[in-house]
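To keep things clear, I will list the structure first and then write my remarks on it.
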Amino acid sequence: MFDRTYTRRTLLRRSLATAGAGALVGAAGCSSIPNPLGGGASYADWLPVPDDIGDSDHYNFTYLNLDDFESNEDEIDEESFDPASYEDFWDPLDIDWEDVSGLTILGFGGMFGFGGLVIEAEFNRDDVISDLEDEDFDEDGDHEGYTLMLDESESQVYAIGDGAAVLTPARDTDGESSSGETGTAEAVIDAKTGNADRYADDSEAMSTLVDELGGGTLVSGRTMEEPEDASPENGTFDAMVAQGQQAKINGETTDVKYVVVYESSDDVDTGDLEDWVDENDGSDEQFDDVDDISYNQNGRTGVISGTINTDDL
């Protein structure tokens with residue numbers, strides 16, 4: 001199962017990039033991110049505290065509101081982004097992408113590593129469990145209303161609930177791979193059910209980022225240590241502690257927002273944000289297709305806002 005998962009992970013990353021999420025960049029670098037739902041940031045409920053799933057203080061996330069993509073299919077260039085490509089990523093679950101409302105990708109397996117996938121969808125729970133059993137998955141107990149299933153090699157965990165499935169590698173809560181270990185999946189479930197603190201509860205920087213990003217069609221972000229060397233043209237800023245991006249499709253156009261969280265409001269420098277845009281506005285550059293760009297400060301955040309033609313995503 002995992003042999004194929006790495007191929008799917010590559011496909012997923014490429015799809016996210018063409019969807020307009022931008023590049024999630026290194027801890028000392030930039031992380032471009034769009035915002036999903038347009039309302040509350042429900043994806044934040046699925047984000048466990050970093051200490052609960054590994055030995056790092058930071059990780060990245062990406063959220064896609066597939067309902068938005070479905071309702072705006074006619075505006076999206078399928079050659080650039082095809083939501084149906086995600087179905088292979090959660091194989092062997094027989095779930096059509098049109099039945100998926102939200103997809104949350106957890107990147108706590110390293111800077112670009114795959115930590116987990118949460119699928120919120122309409123499906124028959126018993127049918128899904130039966131499909132997994134047909135693929136040589138075995139039941140490994142229950143956790144907070146989720147049935148834990150392990151693949152034949154016990155290297156992958158599928159936790160099946162009512163209207164949601166959590167997919168993770170078999171890892172313990174220290175982030176160590178271990179055959180048959182369901183700790184990482186359980187930590188994600190505990191965050192959702194409120195039985196453990198969430199990333200935004202534990203990190204003021206993540207809380208500020210999520211508040212500013214809100215919901216949208218596509219949202220991604222991460223926290224980070226303050227960089228030792230700033231490089232505004234590359235999206236690295238003095239006193240930067242979190243960064244994210246949000247995109248919300250509105251028919252033929254899409255609103256985009258890039259957010260940088262600083263250590264304090266005194267550290268915000270919108271001039272540096274302008275330098276970032278100026279240096280990345282050209283052929284094949286990040287801000288090439290973004291129009292009506294504006295720069296604003298909101299407390300300890302610096303915000304770049306703009307619009308893009310949806311078929312340019």
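The values are calculated or read from the model by the stated rules, or taken from the named source; none is laboratory data. Just so it is clear, the structure is predicted and the values come from calculations on it, not from any experiment. All Cβ positions, glycine included, derive from the backbone under ideal geometry; neighbour counts span all protein chains shown. What goes into the accessible areas is simple: the full protein's heavy atoms, side chains included, and nothing from ligands, DNA or RNA. Shrake-Rupley method; radii C 1.70, N 1.55, O 1.52, S 1.80 Å.
Residue check, GLY244 against (1) modelled with pLDDT of 95 or more; (2) not in a strand (DSSP E or B), all met but one. Which one?
The single condition GLY244 does not satisfy is (2).
Just to verify a result, which residue in the stretch 250-289, among those that are free of Cβ contacts under 8 Å to residues at least 60 places away in the same chain, closer than 20 Å to SER207 by Cα and open to solvent by less than 40 Å² (accessible area, probe 1.4 Å), is farthest from the chain's Cα centre (by Cα)?
Looking at the filtered set, the residue picked out is VAL268.
Just checking, how many residues over the stretch 174-206 are surrounded by 18 or more Cβ atoms within 10 Å (Cβ to Cβ) and in contact with a helix residue (DSSP H, G or I) (Cβ under 7 Å, 6 or more places away or on another chain)?
8
Please go through the stretch 290-313 and give me each residue that is charged (D, E, K, R) and surrounded by fewer than 18 Cβ atoms within 10 Å (Cβ to Cβ), ordered by number.
ASP291, ASP292, ASP311, ASP312
Pairs, please: C-beta under 8 Å, at least 6 apart or cross-chain, first residue among the charged types (D, E, K, R) and in the stretch 198-219, second part of a helix (DSSP H, G or I)?
Taking only residues 6 or more apart or on different chains, the pairs are ARG198/ALA44; ARG198/ASP45; ARG198/ALA191; ASP201/SER207; ASP202/PRO50; ASP202/ASP51.
Report those strands (runs of 3 or more DSSP E) wholly inside the stretch 53-171 carrying at least 3 residues which are in contact (Cβ under 8 Å) with a residue 60 or more places away in the chain and not acidic (Asp, Glu).
Because the criterion is at least 3 residues that are in contact (Cβ under 8 Å) with a residue 60 or more places away in the chain and not acidic (Asp, Glu), the strands (runs of 3 or more DSSP E) in the stretch 53-171 that meet it are 60-65, 100-107, 164-169.
Among (1) at pLDDT below 85; (2) surrounded by fewer than 20 Cβ atoms within 10 Å (Cβ to Cβ); (3) under 29 Å from TRP276 (Cβ atoms), where does MET1 come up short?
(3)
So how many residues does the stretch 131-169 have that are modelled with pLDDT under 95, under 22 Å from VAL100 (Cα atoms) and of a type in the set (Ser, Thr, Tyr)?
Number satisfying all stated conditions: 1.
So which residues in the stretch 192-222 are polar (S, T, N, Q), over 19 Å from LEU117 (Cα atoms) and in contact with a strand residue (DSSP E or B) (Cβ under 6 Å, 6 or more places away or on another chain)?
The answer is SER203, THR208.
Of the residues ASP272, ASP278, which is of a type in the set (D, E, K, R), within 25 Å of THR62 (Cβ to Cβ) and not in a loop (DSSP other than H, G, I, E, B)?
The unique qualifying residue is ASP272.
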